[in-house]
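Asks: Just passing along the structure, written as structure tokens.
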Amino acid sequence: MGEFVKVAKVSDIPSGEIRSFVVNNEVIAICHVNGKFYAFKDECTHMAYPLSDGHLDGEIITCAYHGAKFNVKTGEVVAMPAVEPLEVFEVKVEGDSIYVAID
Ligand code: FES
């Protein structure tokens, strides 16, 4: 479990959207789903393209490149061609600040 690092403000990520941030030399994506925030490595496990280019539908993100789908809450693969789950990070919100636990 990593240390919580302040990454963004709640107002930076409108509901239903994804934003990408560099934290500790790692590119992570944070998405906003119905008032909750989920963070994961911004790299599709299929061919490592940025998942933040993809489309979010509820908790499911679809990769813009070859259509793999993942659950952003759990990281699990929902549709091929990806087979490996996403690396997800714990998120906490305090006031207007979003913190992500990164190693
Ligand atoms: S890089 Fe995401 S599906 Fe291929």
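The values are calculated or read from the model by the stated rules, or taken from the named source; none is laboratory data. Just so we're clear, the structure is a prediction, and the values are computed from it rather than from any experiment. So basically every Cβ, Gly included, is an ideal-geometry build from the backbone, and we count neighbours across all protein chains shown. Please note that ligands, DNA and RNA were not included when accessible areas were found on the heavy atoms of the full protein model with its side chains. Shrake-Rupley method; radii C 1.70, N 1.55, O 1.52, S 1.80 Å.
Asks: Over the chain, with a Gaussian network built from C-alpha contacts below 10 Å, which listed residue (Ile13, Ile28, Ile61) shows the highest mean-square fluctuation?
Replies: Ile13
Asks: In whole percent, how big is the carbon plus sulfur part of the accessible area of segment 3-102, probe 1.4 Å, protein atoms only? The partial results should precede the final answer.
Replies: Numbers: 2450 of 5220 Å².
Heavy-atom surface of segment 3-102 belonging to carbon and sulfur, 1.4 Å probe: 47 percent.
Asks: If you don't mind, another one. Collect residues whose amide H, placed 1.01 Å from N in the peptide plane, falls under 5 Å from the amide H of Ser97; neighbours closer than 5 in sequence don't count.
Replies: HN-HN under 5 Å from Ser97: Val10.
Asks: Sticking with this one: At a Förster distance of 35 Å, what's the computed FRET efficiency of Tyr49 paired with Ala101, Cβ-Cβ distance as r, to 0.05? Write down the numbers at each step before the final one.
Replies: Numbers: r = 25 Å, r/R0 = 0.70.
Calculated value: 0.90.
Asks: Check Glu43: other-chain or 5+ apart residues with amide H under 5 Å from its amide H, H built from backbone geometry?
Replies: Leu51
Asks: From the phi of every residue in segment 95-100, what ³J(HN,Hα) in whole Hz does the Karplus formula 6.51 cos²θ - 1.76 cosθ + 1.60 yield, where θ is phi - 60° and glycine or proline is x?
Replies: Rounded to whole hertz, the list is x, 9, 9, 10, 10, 10.
Asks: Test of understanding: what is the full-extension gain from Thr74 to Lys92, defined as 0.36 nm times their sequence separation minus their Cα-Cα distance? Display every interim value, and only then the final one.
Replies: Working: separation 18, 0.36 × 18 = 6.48 nm, distance 1.54 nm.
In short, 4.9 nm is gained.
Asks: In Å², what does the accessible area per residue of the chain work out to with a 1.4 Å probe?
Replies: Values: 5550 Å² over 103 residues.
That works out to 54 Å² for each residue.
Asks: Would you mind working out the magnitude of the charge dipole of the chain relative to its Cα centre, with +1 at each Lys and Arg C-beta and -1 at each Asp and Glu C-beta, to the nearest 20 Debye? Intermediate values should be presented prior to the final figure.
Replies: Details: 8 positive and 16 negative charges, 40 e Å.
Charge dipole, the chain, about its Cα centre: 180 debye, nearest 20.
Asks: Quote to one decimal, in nm, the extra length available between Val27 and Ser11 on full extension: 0.36 nm per residue of separation minus the C-alpha distance between them.
Replies: 3.8 nm
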